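What follows is one structure encoded as structure tokens, with my remarks underneath.
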Amino acid sequence: MTKSAISLTERKHRIHKYKMVLRKLKQTGISLSLGGGVILLLLMIWEIFSISGWVKPQFSSSPTRVLNKGLEMAASGELWKHTIASGQIFIIGYGLAVLVGVPIGILLGWYKRLNQAFGPVVAAMYTTPRIALMPLFIIWFGLGSSSKIVLVFLSAIFPIIVNMVMGMRSIDGDLTKVAKSYSASQRQIFWTIALPMSVPFLMTALQLATGRALIGVIGAEIFGSKAGLGYMIMYAGATFQTDIVFLGVFIIAAFGIAMDRFWFYLSQRFDAWRGND
Amino acid sequence: MTKSAISLTERKHRIHKYKMVLRKLKQTGISLSLGGGVILLLLMIWEIFSISGWVKPQFSSSPTRVLNKGLEMAASGELWKHTIASGQIFIIGYGLAVLVGVPIGILLGWYKRLNQAFGPVVAAMYTTPRIALMPLFIIWFGLGSSSKIVLVFLSAIFPIIVNMVMGMRSIDGDLTKVAKSYSASQRQIFWTIALPMSVPFLMTALQLATGRALIGVIGAEIFGSKAGLGYMIMYAGATFQTDIVFLGVFIIAAFGIAMDRFWFYLSQRFDAWRGND
Amino acid sequence: SSPSNVNGGTAKESGNPSSGAEQNAAETKKLTKIVYVQLKPDLTDIHTDFAKENGIYEKHGIDLDVIHFDAGGPEALAGVAGGDIDMGNFGTPILTGISRGVPIKVVASPAIRENPFVLVGGKKVEKVEDVKGKVLGTGALGGGNHQAAKNILKEYGVPETETDLRPAGGVDAYLLLEQGVVDAVVATEPAVSRIEKDGIGKTIVKAADIEVYKNYQHSFVFASDELIKTNPDAVRAVLAGHKEAIEYAKEHVEELIAYASEKLGYEEDLVRDYYQKIIPTWIVDGNVNVEGTLNAFEILKDLNELDKNFDTAQENWLNLSFLPGSGK
Amino acid sequence: MSLAVGQAVAEGISSNQEQPQPKLSVENLMISYENHKSGETTEAVHNVSLDIKPGEFVTIVGLSGCGKSSFLNAVAGLLKASGGTIRIDGKPVQRPGPDRAVVFQKASLLPWRTTLKNITYGLEIMGIPKREAVERARKYIKMAKLEDYENFYPSALSGGMQQRVNLARALACEPQVLLMDEPFSALDAITREGLQNELLLLWELTKKTVLMVTHQIDEAVLLSDRVIVFSPRPAVIVKEIRIDLPRPRTPEVKQNPYFDQLTQRVWSAINKSAGKRVNQDYEI
Amino acid sequence: MSLAVGQAVAEGISSNQEQPQPKLSVENLMISYENHKSGETTEAVHNVSLDIKPGEFVTIVGLSGCGKSSFLNAVAGLLKASGGTIRIDGKPVQRPGPDRAVVFQKASLLPWRTTLKNITYGLEIMGIPKREAVERARKYIKMAKLEDYENFYPSALSGGMQQRVNLARALACEPQVLLMDEPFSALDAITREGLQNELLLLWELTKKTVLMVTHQIDEAVLLSDRVIVFSPRPAVIVKEIRIDLPRPRTPEVKQNPYFDQLTQRVWSAINKSAGKRVNQDYEI
Ligand SMILES: Nc1ncnc2c1ncn2[C@@H]1O[C@H](COP(=O)(O)OP(=O)(O)OP(=O)(O)O)[C@@H](O)[C@H]1O
Ligand SMILES: Nc1ncnc2c1ncn2[C@@H]1O[C@H](COP(=O)(O)OP(=O)(O)OP(=O)(O)O)[C@@H](O)[C@H]1O
Ligand SMILES: [Mg+2]
Ligand SMILES: [Mg+2]
């Protein structure tokens, strides 16, 4: 191996790396521009409708009006107040839902008897209209953030449980057999086989739960709040400030999109082993 | 093969069939009694709490009170009126969500570019607080059943889309290769490979969507209703008739449990090929 | 409810400063924090916020923590049951709640106590009878708006079943009518004025004018039994604050108009018109129309919204001993 | 045998036939895999050309991992070649077609279909009426000795049975070109010989064009007209051996001393090509 | 050879050894599968008893679908027998244990783990420190000639490579009893012989107890001390053939005429047992 030979290999390798990075950038670029393009298009149609006067701005707003309002409220710091308030509720409620929901889902999916015993209760709970129980939550958990966190938690936990149950139930018997043959404990089987296999289910769970939790935050803040995006939306709705309503909706949606893409790319990463096509 | 030999085989076969039926019955019995047992236990704890006076009945009701109320309202026919009204909204909204959501989810999961283009819009929509947009729905779709159906539809469609996208994305490459090797069209690949493989995802989707749709029905009936379980619950809630609130919740939950078990057994049926352990 | 809860339990001495404005006051005087509930922000009680921001309640040693329940009265009363809410003001759900055992008492009237609802007809509705076979939009299910609609129909002999009576939740009456979602709507000020100004519809009948509502009180100020028991002085202080708030608002009408139109997003002219009409009718002393309230109980009973067994004896629902001027 | 010795002269690197048109013609085929993450490429097949006449039975042998499956998959149209062309009847093909059917190295059965329904799968896709499909499938089920397992799901079949279903599935399509990737590897000697025999009979009858991968040299010699020896990765053709044993063949042909001679020839070709990889320790 | 002939007398249905304690002892094993839907049962193994001494190398041969894998899985503790007992060192076992490791018939690799991480899998489960695990794994990676593919995911490996990873995974655990289900079936002759040789060396060194299923009779004879012939389903032992070729063995033993003789003996035992199933058409 002469010096030039090494440098040749290295050069080749580097060139390839550059190519890869470029390709990845291109892919991401296409992806972003496609997704962004569609959204931009929708926003443009909306703007045109509102400029044309076909719809009244006091209840349809328009993207530019929303943007202006957003800048104004961001400058005054009000927007951050609401965003931070909601963010806290979201993070705690969602985090708890993941921490509690994933193990519950796994247990119910893993042990048939447990599912038979508690499946119906879970089903009863996830079909129960939370909104009807809000008075109870308020009585039990007060008007502070606890009752809001509970609502967010309950909104987010069920897609997690249901998806994880199904994920556990569709695990490949062959691979569990491999694990068992090395006398893996249930715990080890779970970590080395069940969890990696149920990644698509987990991803779906986390994705759906994000959406549910966000909606839960808004729903919760209708009750006795003094800050938060839900409060902002509701207050604005009650006082005909449609721009602010849509500003709130936009912020939530933007966050939702960001989270969705995050889970999407994450699940793609976990799927690296699936090979190239 | 003498006559007795045949009848021996047949007898054996029959005995086995009986055994099977018995075993199935036993299994179902265990399953039902476990699930029912847990629920009964919870109801009993509730009853005891309420009899003991630790909680005030005006907000907590009690199972027997709910039962009495239920019998009373069933006798007067009022209960059926509400149940039927809600049932119609549910069936139409849920049905539409399945009919529209499954294909959309499949398309987005199947064609990467479509997902890149419309994934963000879908994400934006499923994180958007529907409740904030209800005034818009009412203005667009009126106070009749359309706006309710739209709300139920929108509540139910997103878990379906998200699950189906993930289902499509986790399809086994080997089997698609088999289908392709017989020059199966995309359509054929979908029907013969993608759909059977994504059954667990579809089941989860349908299961979650049931829950969402039921909650959507209740949420929708707050607006512009004259009947329906949501109407009943809301009206009762507003006038502190907690027994009726819980009666409504019970009916919804019972239906939710029934649907959940239905999807559970259906998914088990589809999994027959997974073998016995 | 545990006393360690920030909002929890009854009113308590709050030495800990919560926000900038109150901090200054806290230095001079210990404020009693009162969690006070109202429904969605509205012209009918925005003057409370206005007064609060101008330090009226602090003068009385009260840190008035106003929270809004867009969702309606029942959840707010659940807050009382949970021990989080000390006082508040809104409509008849207070009476319904009391009848079903929510531990509160009526302690005063807010500035406006009449039935504020108005039946407004669109293009095709000239008189009450015209709503037959048409869509009549109302407010939240079980709310005062819905009740008013039912009673108006009753008064004019239109069976409920012959109209399409539909609760439209929080959707603006103006929009409902303008967009043709409904043919008639039960609305409050200032939406009624706006509707008439823009020629979208006209007043058909005011609920306050119909027979059942002639002698009637719709809105109340309540205090929780817990607060009444543990800190009656605080109730007294709040009601004194209310009185002064109304007086302050009367004296600073232009500022109030600017404040309200900014907070609520109405045009100033509309707000001015409204206040010019309404301020003269404001009740300053907080007195309760007992007879009118008993009538309200009856109406609720007729609508099947009240517990049939409820005894409307005054001690079961009323405590006027905290009103400014009434002796201890 | 004089016949055998005479024919042996014809052996060597692919002599240009004056035959009209090959059924399958592969020209300068290149296959390489790219690892999207590390960016490294693995070259599997390097510049391979191969013509197969209509009705010819060709076998590929070579070391594990040398590129046989890759080659077969490319011919099947399941893998995009990075260079070269594949022609069927002179027409370039890039995608799978009903003219070809593949017996996969992994059984790759549809787990939710029973044996019968797995075997009718290809026929279903081709739009053949159900009755006819079932009839045809039954024929091959019988051939694969799976009559008793028609209604078993793959998870209840033994490894060898699964492989037989895989084989029957492809045969049932009765394609013009049959591509088989180690179709008998999981079978015991008796079942294997039975199926080899059936395949021989079928082939004599229908004169399909067959391209097969196998590790069993005697199998290659018994069945084929030509044995192609691939080098270790990246695969190039290192040797072509014409198998001019008389047709129709029966397993008895193995007693023919020329059979052993041919086997030896294939063996030494593989050995030679593998030389660079074989460890000194166990030179054979 | 006189030696060979002399030894041959010892052959026959399992002679009662006076050996102290078998490493693995199977007594009256019954295995049947039940189809929960149709309610039919498939009996796979019928009353099989088998003792294996410590350090013995035993091979099972039999027709496809006869019950070999079922038997192996039961011994591994992965399948609940419907009757009989399995003992390791005299103690009954019902579940898998670290004393046994299985080379599966299907490679069954964890698709999200690279070659290296698949091979360390068993070690990880056993709680062996990472460094040591990797070191051990590398040893077997080298043996399986997979050095260049350490970081490949299974989907990027050829069929034969996957099988070698499967083999290396079990070997890396260095279990007392090694259970192998057709470990070399997807390998070409050269790779196979290389691995057979490695296995022989390993076995001579460590004297593991080995139970292997194979379809290659020469492989069975080359490697084992005893060859067990299973009947078609439900499997019963129809013959046990003691392979008394001298140890240590090298592939050269195949040149020994006694090797052929043994092979023939196994062959005819299988043939005889299969008789009832083999079609007249291709009697061999
Ligand atoms: N899970 C199962 N359910 C029902 N039957 C099964 C199951 N697994 C195996 N069988 C049946 O048991 C019999 C023996 O299968 P087994 O896998 O043990 O065969 P084998 O000897 O390993 O065959 P091969 O050489 O083809 O791998 C077969 O008839 C098979 O159909
Ligand atoms: N999807 C893939 N990505 C990357 N490399 C691959 C992929 N598939 C195969 N390879 C590599 O290509 C080479 C050839 O593989 P191929 O499957 O064609 O071998 P083979 O000759 O069929 O081997 P075997 O006899 O073991 O089946 C191997 O080195 C393998 O690692
Ligand atoms: Mg291969
Ligand atoms: Mg087997």
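The values are calculated or read from the model by the stated rules, or taken from the named source; none is laboratory data. Please read these numbers as outputs of a predicted model, since none were measured by experiment. Cβ: placed from backbone, ideal geometry, glycine included. Neighbour counts: every protein chain shown.
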Tell me which of these D:ALA144 doesn't satisfy, since it passes every other one: (1) assigned by TED's automatic domain parsing to the domain that holds D:THR250; (2) within 13 Å of ligand 1 (Cβ to nearest atom).
-> (1)
Residue match in segment D:61-77 (condition: surrounded by fewer than 18 Cβ atoms within 10 Å (Cβ to Cβ) and away from ligand 3 (no atom under 16 Å from the Cβ)) | no
Would you tally the residues in segment A:218-234 being crowded, with 24+ Cβ neighbours inside 10 Å, over 20 Å from the mean Cα position of the chain (by Cα) and more than 9 Å from chain B (Cβ to nearest Cβ)?
-> 5
Among what's in segment B:184-208 and is over 20 Å from D:ALA107 (Cβ atoms) and outside any helix (DSSP H, G or I), pick the residue that is farthest from the other protein chains (Cβ to nearest Cβ).
-> B:SER198
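Out of E:PRO111, E:PRO154, which single residue is within 16 Å of ligand 3 (Cβ to nearest atom), within 25 Å of D:PRO234 (Cα to Cα) and more than 10 Å from chain D (Cβ to nearest Cβ)?
Details: E:PRO111 fails: within 16 Å of ligand 3 (Cβ to nearest atom).
Among E:PRO111, E:PRO154, only E:PRO154 is within 16 Å of ligand 3 (Cβ to nearest atom), within 25 Å of D:PRO234 (Cα to Cα) and more than 10 Å from chain D (Cβ to nearest Cβ).
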Restricting attention to segment C:215-232, and to residues there that are out of contact with any helix residue (DSSP H, G or I) (no Cβ under 8 Å at 6 or more places or on another chain) and not in a loop (DSSP other than H, G, I, E, B), which single residue is surrounded by the most Cβ atoms within 10 Å (Cβ to Cβ)?
-> C:GLU226
Considering D:ARG226, D:ARG233, D:ARG169, D:ARG164, which residue is within 16 Å of ligand 1 (Cβ to nearest atom), out of contact with any Pro (no Cβ under 6 Å at 6 or more places or on another chain) and either within 22 Å of D:GLN105 (Cβ to Cβ) or not assigned by TED's automatic domain parsing to the domain that holds D:GLY67 (or both)?
-> D:ARG164
Looking at segment C:156-165, is at least one residue more than 11 Å from chain B (Cβ to nearest Cβ), buried (at least 22 other Cβ atoms within 10 Å of the Cβ) and outside any loop (DSSP other than H, G, I, E, B)?
-> no
May I ask you to verify whether A:PRO63 is modelled with pLDDT of 85 or more, surrounded by fewer than 19 Cβ atoms within 10 Å (Cβ to Cβ) and touching a helix residue (DSSP H, G or I) at 6+ places or on another chain (Cβ under 6 Å)?
-> yes
Looking at (1) free of Cβ contacts under 8 Å to residues at least 24 places away in the same chain; (2) over 24 Å from the mean Cα position of the chain (by Cα), find the lone condition where B:SER60 falls short.
-> (1)
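Considering only segment D:21-140, give the strands (runs of 3 or more DSSP E) lying wholly within it that have at least 1 residues that are more than 16 Å from ligand 4 (Cβ to nearest atom), of a type in the set (Ser, Thr, Tyr) and out of contact with any helix residue (DSSP H, G or I) (no Cβ under 7 Å at 6 or more places or on another chain).
Result: D:24-34, D:41-52, D:83-88.
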Which one is nearest to the other protein chains (Cβ to nearest Cβ) among residues in segment C:167-180 that are of a type outside the set (A, V, I, L, M, F, W, C) and more than 22 Å from the chain's Cα centre (by Cα)?
-> C:GLN179
Considering residues of segment C:250-278 that are within 14 Å of chain A (Cβ to nearest Cβ) and among the small types (Gly, Ala, Ser) only, the residue surrounded by the fewest Cβ atoms within 10 Å (Cβ to Cβ) = C:GLY265
Out of (1) within 14 Å of chain A (Cβ to nearest Cβ); (2) farther than 30 Å from A:TYR231 by Cβ; (3) among the charged types (D, E, K, R), the odd one out for B:LYS81 is which?
-> (1)
Here the qualifying pairs (Cβ atoms under 8 Å; residues six or more apart or on different chains; first in segment E:215-230 and at negative phi; second assigned to a helix (DSSP H, G or I) and hydroxyl-bearing (Ser, Thr, Tyr)) come out as E:ILE217/E:THR263; E:ASP218/E:THR263; E:VAL221/E:THR263; E:VAL229/E:SER273; E:PHE230/E:SER273
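For the structure I just gave you, tell me whether E:THR41 is of a type in the set (S, T, N, Q), farther than 23 Å from E:VAL266 by Cα and more than 16 Å from ligand 2 (Cβ to nearest atom). Step through it out loud before you land on a result.
Numbers: of a type in the set (S, T, N, Q): yes; farther than 23 Å from E:VAL266 by Cα: yes; more than 16 Å from ligand 2 (Cβ to nearest atom): yes.
Answer is yes for this residue.
Here is a yes/no grid of residues against (1) within 14 Å of chain A (Cβ to nearest Cβ); (2) buried (at least 24 other Cβ atoms within 10 Å of the Cβ); (3) among the hydroxyl-bearing types (Ser, Thr, Tyr); (4) more than 19 Å from C:ALA208 (Cα to Cα):
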{"position": "C:ALA76", "(1), (2), (3), (4)": "yes, yes, no, yes"}
{"position": "C:VAL80", "(1), (2), (3), (4)": "yes, yes, no, yes"}
{"position": "C:PRO116", "(1), (2), (3), (4)": "no, no, no, no"}
{"position": "C:LYS124", "(1), (2), (3), (4)": "no, no, no, yes"}
Helices (runs of 4 or more DSSP H) fully within segment A:85-176 counting 2 or more residues that are in the same structural domain as A:GLY256 (by TED's automatic domain parsing) and closer than 17 Å to A:ALA194 by Cβ = A:112-127, A:145-169
Just one of the numbered conditions (1) closer than 15 Å to A:TYR182 by Cα; (2) more than 14 Å from chain D (Cβ to nearest Cβ) is not true of E:PRO92; which one?
-> (1)
Please find, within segment A:196-217, the residue that is surrounded by the most Cβ atoms within 10 Å (Cβ to Cβ) out of those that are of a type in the set (A, V, I, L, M), in contact (Cβ under 8 Å) with a residue 40 or more places away in the chain and over 17 Å from A:LEU96 (Cβ atoms).
-> A:MET203
Condition met for D:PHE57 (surrounded by 15 or more Cβ atoms within 10 Å (Cβ to Cβ), in contact (Cβ under 8 Å) with a residue 60 or more places away in the chain, of a type outside the set (S, T, N, Q) and within 14 Å of another protein chain (Cβ to nearest Cβ)) = no
Determine whether segment A:42-53 contains at least one residue that is aromatic (Phe, Trp, Tyr), surrounded by fewer than 16 Cβ atoms within 10 Å (Cβ to Cβ), at pLDDT below 85 and not in a helix (DSSP H, G or I).
-> no
Among (1) within 19 Å of the chain's Cα centre (by Cα); (2) closer than 20 Å to E:LYS145 by Cα; (3) more than 12 Å from chain E (Cβ to nearest Cβ), D:GLY65 falls short only on (3)
Please verify whether segment C:265-286 includes one or more residues that are closer than 26 Å to C:ALA223 by Cβ and more than 18 Å from the chain's Cα centre (by Cα).
-> no
